[in-house]
Amino acid sequence: MSDAAARSETTPPAGDDATAAVGTARVKRGLADMLKGGVIMDVVTPDQARIAEEAGAVAVMALERVPADIRADGGVARMSDPAVVEAIMDAVSIPLMAKVRIGHFVEAQVLESVGVDYIDESEVLTPADETHHIDKHAFTVPFVCGATNLGEALRRLAEGAAMIRSKGEAGTGDVKEAVRHMRAITTGIRRLTATSSDERYHAAKDLQASYELVDEVARTGRLPVVLFTAGGIATPADAALMMQLGADGVFVGSGIFKSGNPAKRARAIVEATTYAHDPAIVAKVSRDLGQPMVGISNDALPPEQRLADRGW
Amino acid sequence: MVGEGIASARRRVDRLPGQSLIPVAGDERPPSTLGPVVGVLALQGDVLEHVRMLSLAGARAVTVRHPDQLDDLDGVVLPGGESTTIGKMLERYGLLEPVRARLRGGLPALGTCAGAILMGSDALHADGTPSEQPLLGVMDTVTRRNAFGRQVASFEGLLDIDGVPAPPLRAAFIRAPWFERIGDGVEALARVDTPAGARVVVARQGHLLAAAFHPELTGDPRLHALFVEIVRAQQS
């Protein structure tokens, strides 16, 4: 940095450091804004992370096991080994996310200290607290949380989430639950916009959410944060479907690295997300992708194996 | 809908990521129908925020995803997002060369964060090693990506910018780059103090304006107004 032109200039610095603030809602939500229109991919090795970045992913989710394997293995699923997270972080230049168990604020403290860019308080891992989610205001690192409906999304926002994703049913390759949850959230928003201001007190009670957030959503017609989709997206058409249903971007978990040709499928899903409204492009990128992940129909899952029911 | 203008009228009208689910909600302003036509590259990133800021700054904003949509523009914005993602999509969808040619030919451009990286001639990783990624290379600048650190170091503060009247602008730096080097023909319009010394965060090379931060996130359209002035000056 010794020959930086900046240093040789004579003008004094103009930044006002006295007012500089980290961890504000704006910079937390702002990073999610930068991910809009993009795809975030689950990866378990540095090599997979490089494939994801090369395909055009806007971020990677560092994991020890993808949801399909967590589902197959059973047992307790926890935060990944920090060494795994760090190895993936060092492999790519795009933002890195990692998952913690619902309510496990110490796992979150650990990942914050490791330097991850976003924490996913995720139902894919085994919940650590049956009642309380993490107080996310207490952290500098931003959080994304899953939701199955508008009330759940607003409760997560009240706790300080800076980004929401519809939950779907992770590790199935079945998009049906992602559609159900995205529609529940967007229908809930549209309904709220038709309420009068005095009806919103009751709406807040029904949604079990703060009146201020209910009022804000009713006035603006959107969540105050970015709304991604997750859980079961396996094809470019799935990604485009979710974008047309109102998602701001897409998480793909097992759908890429459990398929026959991950690099090609990853790239195809990125392009179908950008051009979600252009069927000719979705058709072009859908050709000759090889085998998609085998998948499990959500209807075949016994209730105790449904991850979306975790969190409240 | 907001942001879909004449250039894309023949394509299916779509919703921009982040946009309201109802046509015009709350304080969201309808698009301006007057003023210069400024395209916002809409491959990925915070497109909607730039569309809003351009409307506030007196321009007519349209989204750009295809090469033929470049034809009728008076200016273009390269938004914040992931520079690797946007660069790869520019390359794959035949936009890299046409955008480069228009910018070299005098089309005014504003790049913020990822956009500023894309406009530069070279990009470095945070550790100073070269970043191999598609770039437009239209400005004589070298950017250092994520120069301030990872997300936990992202910050907002007040920034004095040459050409933007007082008071200082509130600026959000999110995994932001800085300009490691700028060429002789490039003006430094703003700097930030860092432990490594003062670093350039706003640079101008004639009709090309680049900011390391996100003027589109803070609701203050003054940097966009400076850009729209550049666009108008180029028109006349």
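The values are calculated or read from the model by the stated rules, or taken from the named source; none is laboratory data. In this text the structure is predicted, and so the values were computed from the model without any measurement. Positions of Cβ are generated from backbone atoms using ideal geometry, with glycine treated the same way; all protein chains shown enter the neighbour counts. Ligands, DNA and RNA are stripped out before the accessible areas are found, and what is left, the full protein with its side chains, is counted by its heavy atoms. Shrake-Rupley method; radii C 1.70, N 1.55, O 1.52, S 1.80 Å.
Points worth noting:
- Candidate set from the stretch B:98-125 (those that are charged (D, E, K, R) and more than 24 Å from A:Tyr275 (Cβ to Cβ)); member that is least open to solvent (accessible area, probe 1.4 Å): B:Asp122
- Among the residues of this structure, B:Leu95 counts as one that is within 14 Å of chain A (Cβ to nearest Cβ), over 25 Å from B:Trp178 (Cβ atoms), open to solvent by less than 10 Å² (accessible area, probe 1.4 Å) and in contact with a helix residue (DSSP H, G or I) (Cβ under 7 Å, 6 or more places away or on another chain).
- Enumeration of residues in the stretch A:279-306 that are at pLDDT 90 or above and within 24 Å of the chain's Cα centre (by Cα): A:Val282, A:Val285, A:Ser286
- Residue count for the stretch A:196-207, restricted to those that are open to solvent by less than 30 Å² (accessible area, probe 1.4 Å) and within 14 Å of chain B (Cβ to nearest Cβ): 1
- Search result, residues across the stretch B:126-146 that are touching a residue at least 60 places away in the same chain (Cβ under 8 Å), open to solvent by less than 50 Å² (accessible area, probe 1.4 Å) and not β-branched (Val, Ile, Thr): B:Met139, B:Arg145
- Output for the stretch A:110-125, where each listed residue is more than 13 Å from every other protein chain (Cβ to nearest Cβ) and in contact with a Phe, Trp or Tyr (Cβ under 9 Å, 6 or more places away or on another chain): A:Asp120, A:Glu121
- Among the residues of the stretch A:208-225, just one is open to solvent by less than 40 Å² (accessible area, probe 1.4 Å) and under 25 Å from A:Arg306 (Cα atoms), namely A:Ala209.
- B:Pro195 being without any contact (Cβ under 8 Å) to a residue 12 or more places away in the chain and either surrounded by fewer than 21 Cβ atoms within 10 Å (Cβ to Cβ) or over 21 Å from B:Leu56 (Cβ atoms) (or both): yes
- Residue selected from the stretch A:241-255 under the condition open to solvent by less than 10 Å² (accessible area, probe 1.4 Å) and within 15 Å of A:Arg222 (Cα to Cα), by the criterion nearest to the chain's Cα centre (by Cα): A:Gly249
- Filtered residues of the stretch A:101-124 (kept if among the charged types (D, E, K, R) and closer than 21 Å to A:Arg29 by Cβ): A:Glu112, A:Asp117, A:Asp120, A:Glu121
- Of the residues making up the stretch A:130-140, those that are free of Cβ contacts under 8 Å to residues at least 60 places away in the same chain and open to solvent by less than 40 Å² (accessible area, probe 1.4 Å) are A:Ile134, A:Lys136.
- Residues that are at pLDDT 95 or above, part of a helix (DSSP H, G or I) and in contact with a Phe, Trp or Tyr (Cβ under 7 Å, 6 or more places away or on another chain) occur at least once in the stretch A:211-231.
- Whichever residue in the stretch A:17-31 is open to solvent by 60 Å² or more (accessible area, probe 1.4 Å) and modelled with pLDDT under 95 and, among such residues, is nearest to the other protein chains (Cβ to nearest Cβ): A:Asp17
- Helices (runs of 4 or more DSSP H) (entirely within the stretch A:36-134) containing at least 1 residues that are touching a Leu at 6+ places or on another chain (Cβ under 6 Å), at pLDDT 95 or above and within 27 Å of A:Ala153 (Cα to Cα): none
- Flag if A:Ala170 is over 25 Å from A:Gly30 (Cα atoms) and under 20 Å from the mean Cα position of the chain (by Cα): yes
Condition check ((1) closer than 27 Å to A:Ala147 by Cβ; (2) part of a helix (DSSP H, G or I)) across all residues:
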position	(1), (2)
A:Ser259	yes, no
A:Lys264	no, yes
A:Thr273	yes, yes
A:Ala280	no, yes
A:Ile296	yes, no
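- Cβ-Cβ contacts under 6 Å between residues 6 or more apart (or on different chains), taken from a first residue in the stretch A:103-120 that is in contact (Cβ under 8 Å) with a residue 12 or more places away in the chain to a second residue that is of a type in the set (Gly, Ala, Ser), are listed as A:Gly103/A:Ala128; A:His104/A:Ala128; A:Leu111/A:Ala98; A:Val116/A:Ala98; A:Ile119/A:Ala108.
- Note on the stretch B:116-205: enclosed strands (runs of 3 or more DSSP E) holding 1 or more residues that are among the basic types (Lys, Arg) and more than 10 Å from every other protein chain (Cβ to nearest Cβ) are B:197-205.
- Of the numbered criteria (1) modelled with pLDDT of 85 or more; (2) at the interface with chain B (Cβ under 7 Å from one of its Cβ atoms), the one A:Ala6 fails is (1).
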